[in-house]
Each structure stands twice: as structure tokens, then as C-alpha cells.
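This report refers to the structure that appears directly beneath it.
The values are calculated or read from the model by the stated rules, or taken from the named source; none is laboratory data. Bear in mind the structure is a predicted one, so any value in this text is a computation, not a measurement. Here the Cβ positions follow ideal geometry from the backbone for every residue, glycine too, while neighbour counts run over all protein chains shown. Note: accessible area is taken over every heavy atom of the protein model, side chains too, but ligands, DNA and RNA are not part of it. Shrake-Rupley method; radii C 1.70, N 1.55, O 1.52, S 1.80 Å.
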Amino acid sequence: MNEHIRNKVYQLRTERGDTQEKLGEAVGVSRQTVIAIEKGNYTPSVLLAIKIARYFKEPVEKIFTITSR
């Protein structure tokens, strides 16, 4: 079984009307890192995932989920 982490960062960010730059600044990463996370090309560290969850005021498990490909 090949597992993959999916996320709802793009959905949550756009629902709030925030830019990638604003999210990046709030959690301490570049806009390019936010882009990579949203596209699923980069899996954030636990620390970064928690910062993102706090930013959106959501549990980590609501934003990041493990799926089978």
C-alpha cells in the first residue's frame, strides 16, 4: 500500500481570502513553500503542520490526512 498525505491548505486559504504570501509570513515559510504544500509536492514538518493548523484554527487532522494512492 502506498500512502500519501493530502491537505486542504489551498481550500482553507482561499475560503479566507488570504494570499500565499500572507500564510507563509504567518507560519514562517516562503510563498514558494506554501505553493509546494498546496500542490502536494512538499510534506510539512510536524511543527509546520501545527503552525498551519493554528493559523486556520482547525485540528491538524482536518487539514492533513493520510490516503492510499
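The accessible surface of the chain, taken with every protein chain in place and a 1.4 Å probe, is 49 percent carbon and sulfur.
Take every pair of alpha-carbon atoms less than 8 Å apart whose residues are at least six positions apart; their mean separation over the length of the chain yields a relative contact order of 49 percent.
What dipole magnitude, in Debye to the nearest 20, does the chain give about its Cα centre under +1 on Lys/Arg Cβ and -1 on Asp/Glu Cβ? Value, rounded to 20: 40 debye.
Across every pair of non-identical alpha carbons in the chain, the mean reciprocal distance, once inverted, gives a Kirkwood radius of 12.0 Å.
Considering only DSSP states other than H, G, I, E and B, which trypsin sites (Lys or Arg not before Pro) in region 1-41 qualify as loop sites with at most 12 other Cβ atoms within 10 Å? Passing sites in region 1-41 do not exist. In the context of the full set of protein chains, residues of the chain present 69 Å² of accessible surface per residue (probe radius 1.4 Å, heavy atoms only).
Distance between the modelled labels on GLU15 and SER30, one decimal in nanometres: 2.9 nm (7 Å Cα→Cβ projection).
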